[in-house]
Structures are given as structure tokens and as C-alpha cells.
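Trainee: Here it is, the structure in full.
Coordinate-derived values only; no laboratory data. All of these numbers come straight from a predicted model, not from anything done at the bench. Reconstructed Cβ throughout: ideal geometry from the backbone, glycine too, with neighbour counts over all protein chains shown.
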Amino acid sequence: DAGITQSPRHKVTETGTPVTLRCHQTENHRYMYWYRQDPGHGLRLIHYSYGVKDTDKGEVSDGYSVSRSKTEDFLLTLESATSSQTSVYFCATNSVLAAAEAFFGQGTRLTVV
Amino acid sequence: AQSVTQLGSHVSVSEGALVLLRCNYSSSVPPYLFWYVQYPNQGLQLLLKYTTGATLVKGINGFEAEFKKSETSFHLTKPSAHMSDAAEYFCAVSETGANNLFFGTGTRLTVIP
């Protein structure tokens, strides 16, 4: 298995509080992604990174920010959590564009109450 | 723009029966196509992928898929379903040179003993 670790695996937080999810990889992959998974929507891209300090928005980026200060770590921050951000969040990595498979972490289940 | 349509959010088959999960895509350039499987409370795992070359692609666990450009389809099949195949399956598309996977909404496969 690709070495992708997400933390925490489960979190319950209150509306309006900041939340940071962490993705750590040991594969030295250049590209890293944050997706959210919701019933009826599949996986939707939040943000991605193509290198240290190089990030860009995905299709559902509103309310989220990311940072990548090291190759191995990609952080997703919800500045002020809302109930609509209750979801399962997945981190993924791959080493080259497109043709290579993406490797996924185990997911973080976030509940905003 | 890319998109993926998976027909049928739930599919039930009897153990030993043929599995057919449908996927249609749209892409303005030659696509890369993927099938991923997700077991409960786990991340996504690659089943198979099409990039170039042979249009019939074989993957893990006895699954295969055929790329049909004229039909813009990439349906997933398995001749004989096993109980262990029960999971959620996602079709995804990536355009040549792109840096993102676009996922379908998923199909949950149930295998009936």
C-alpha cells in the first residue's frame, strides 16, 4: 500500500470553529489532492498541489484553504466550519500527471454540529 | 470539459452472475479512464485503467473494462460475482496532460447469496 496517512480519522466539531486535516505521504509523490465524498456526488476535488507551496483550487474550494510546506505534508483547513462541510475527506497522491494512478488515504470523517 | 455518468446508483446481482457496471464519459481530448473500488470505511483502490493501446483492459480481482470511443463508454464487467465484490465502484476520467481526476457518482454493488 502507498504510504498515505490522514489524521485525524474522525472528528466532530462545532459550527464556526477552525479545523485542520492533515495528509502525510511517504511516497515522495509530487501531486497531492483533497477530495470530499458525499452521497450522490461521488468525489469532488477541493484543492490540489503540484509541488511545495504550489496549490490551486478545485471545483468545490469555497470555505477551504490548503498549505504545502513540505513534499510529504498537505494540510486542509476549514477556517470556520459549517454544517455543509460535514463529509468524508480523502487525500490522494500521484507521481506524474494523468496516466499514473492516484493513491488514496483512508479518509477522515468530519461532522460539524 | 470532462464529466462521468454512472448509470445505476445501486446494482444487485446473484453470486456467480455477471457483473456489469456502466460508465459513460465526455471529454474534449483523448481520455484516460479509471475504475476504482471502495470497501466500507476504506479509501479508494485502483481496479484498472485505460491510457492508450489495447481497448480491453484487465484489472485485479477478475474485473475488466472495454474502452469504446464511438460510444464514449468504459463499462466494467466480471463474469462471475463473488460475495467479496460487494463494494462501491467509481468510474473516473482524466484528460491527457491534466492533473485531476473527475469521478462519477458511484455504483454500490450488492451480491446476493
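Trainee: Non-local amide H neighbours of B:Gly106 (under 5 Å, H modeled in plane, Pro and chain starts lacking H): which ones?
Mentor: Here B:Gln6, B:Cys91 satisfy the definition.
Trainee: Moving on. When the Karplus curve 6.51 cos²θ - 1.76 cosθ + 1.60 is applied with θ = phi - 60°, which whole-Hz ³J(HN,Hα) does each residue of the range B:70-85 get, with x for Gly and Pro?
Mentor: 5, 9, 6, 10, 8, 6, 9, 9, 8, x, 9, 6, 10, 4, 5, 7
Trainee: Quick one: if the Förster radius is 30 Å, what FRET efficiency do B:Thr77 and A:Glu27 give, using the C-beta to C-beta distance and rounding to 0.05?
Mentor: On the way: r = 31 Å, r/R0 = 1.03.
My answer for the efficiency is 0.45.
Trainee: For chain A, with equal point scatterers placed on the C-alpha atoms only and solvent neglected, what are the log10 I(q)/I(0) values from the Debye formula at q = 0.24 1/Å, to two decimals?
Mentor: -1.46
Trainee: Next question, about the same structure. Distance in nm between label sites at A:Lys70 and B:His10, each 7 Å beyond Cα in the beta-carbon direction?
Mentor: 4.5
Trainee: Another question, if that's okay. Working from the alpha-carbon coordinates of the protein assembly as shown, get Rg over Rh, Rh being the Kirkwood radius. Intermediate results must be reported in sequence, preceding the final value.
Mentor: Details: Rg = 17.5 Å, Rh = 18.0 Å.
We get a ratio of 0.97 for the protein assembly as shown.
Trainee: Sticking with this structure for a sec: Which FRET efficiency value, to the nearest 0.05, do you get for B:Ser84 and A:Ser7 by plugging their Cβ-Cβ distance into 1/(1 + (r/R0)^6) with R0 = 35 Å? Display every interim value, and only then the final one.
Mentor: Values: r = 29 Å, r/R0 = 0.83.
Efficiency for this residue pair is about 0.75.
Trainee: Want the number for A:Lys57 to A:Gln106: 0.36 nm per residue separation, take away the alpha-carbon distance, what's left? Intermediate results must be reported in sequence, preceding the final value.
Mentor: Working: separation 49, 0.36 × 49 = 17.64 nm, distance 2.22 nm.
Net length gain for the segment: 15.4 nm.
Trainee: What relative contact order, as a whole-number percentage, does chain B give when Cα pairs under 8 Å and 6 or more residues apart are counted?
Mentor: Values: 287 pairs, mean separation 42.7, N = 113.
Relative contact order of chain B: 38 percent.
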